Amino acid sequence: MDDCIFCKIVAGKISAQIVHQDKSVLAFRDLNPQAPVHILIIPRKHIDQISSMEEADLPLLGDIYGAVKTIALQEGISETGFRVVANNGPDGGQTVGHLHLHLLGGRLMHWPPG
Ligand code: 5GP
Ligand code: ZN
């Protein structure tokens, strides 16, 4: 997707602080962090959002959650805890149309979310 910010990060056309990558997943620090640790985990493949995933894409969710576990250990928040968020569509507050999970940690998270 030529006009997708996250595809540009995958292609190396926009710089990002990459913290983890493998064959299917890329993870980098959020530009506007909402917690001491705020990392975005994305599939390299462009998929708009969770609700537009096709059956064949579903194994990517396992890869993405595997990355969450690895990165949480790497960032030292595995024991203290963290939150994983996927905003989907307008009511979900999604602003970038390339599927991503937010990994947030390093402070106490509140509930309910805003
Ligand atoms: P959403 O609101 O779609 O769930 O989250 C998009 C996230 O992407 C936001 O937290 C925003 O700060 C982050 N973001 C937007 N553009 C960039 C960028 O160019 N680089 C990085 N590292 N993060 C970005
Ligand atoms: Zn994209």
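Picking from residues in segment 101-114 that are more than 8 Å from ligand 1 (Cβ to nearest atom) and in contact (Cβ under 8 Å) with a residue 40 or more places away in the chain, the one that is nearest to I41 (Cα to Cα) is L101.
Each row is one residue, and each column tells you yes or no for (1) free of Cβ contacts under 8 Å to residues at least 60 places away in the same chain; (2) open to solvent by less than 20 Å² (accessible area, probe 1.4 Å).
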{"site": "V37", "(1), (2)": "no, yes"}
{"site": "I50", "(1), (2)": "yes, no"}
{"site": "M53", "(1), (2)": "yes, no"}
{"site": "L61", "(1), (2)": "yes, no"}
{"site": "V68", "(1), (2)": "yes, yes"}
{"site": "T80", "(1), (2)": "yes, no"}
{"site": "R83", "(1), (2)": "yes, no"}
{"site": "G93", "(1), (2)": "yes, no"}
{"site": "L99", "(1), (2)": "yes, yes"}
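Scanning segment 18-46 for residues that are of a type outside the set (A, V, I, L, M, F, W, C) and within 23 Å of G62 (Cα to Cα) returns H20, Q21, D22, K23, S24, R29, D30, H38, P43, R44, K45, H46. For segment 1-35, the set of residues classified as open to solvent by less than 80 Å² (accessible area, probe 1.4 Å) and within 12 Å of ligand 2 (Cβ to nearest atom) consists of C4, F6, C7, K8, I9, V10, A11, I14, L26, listed by residue number. Can G66 be described as among the small types (G, A, S), within 11 Å of ligand 1 (Cβ to nearest atom) and at negative phi? No, not satisfied.
The values are calculated or read from the model by the stated rules, or taken from the named source; none is laboratory data. Because the structure is a prediction, the values reported are computed rather than measured. Ideal geometry is used to build each Cβ from the backbone, glycine not excepted, and the neighbour counts take in all protein chains shown. In case anyone asks, the SASA skips ligands and DNA or RNA and just uses the protein heavy atoms, side chains included. Shrake-Rupley method; radii C 1.70, N 1.55, O 1.52, S 1.80 Å.
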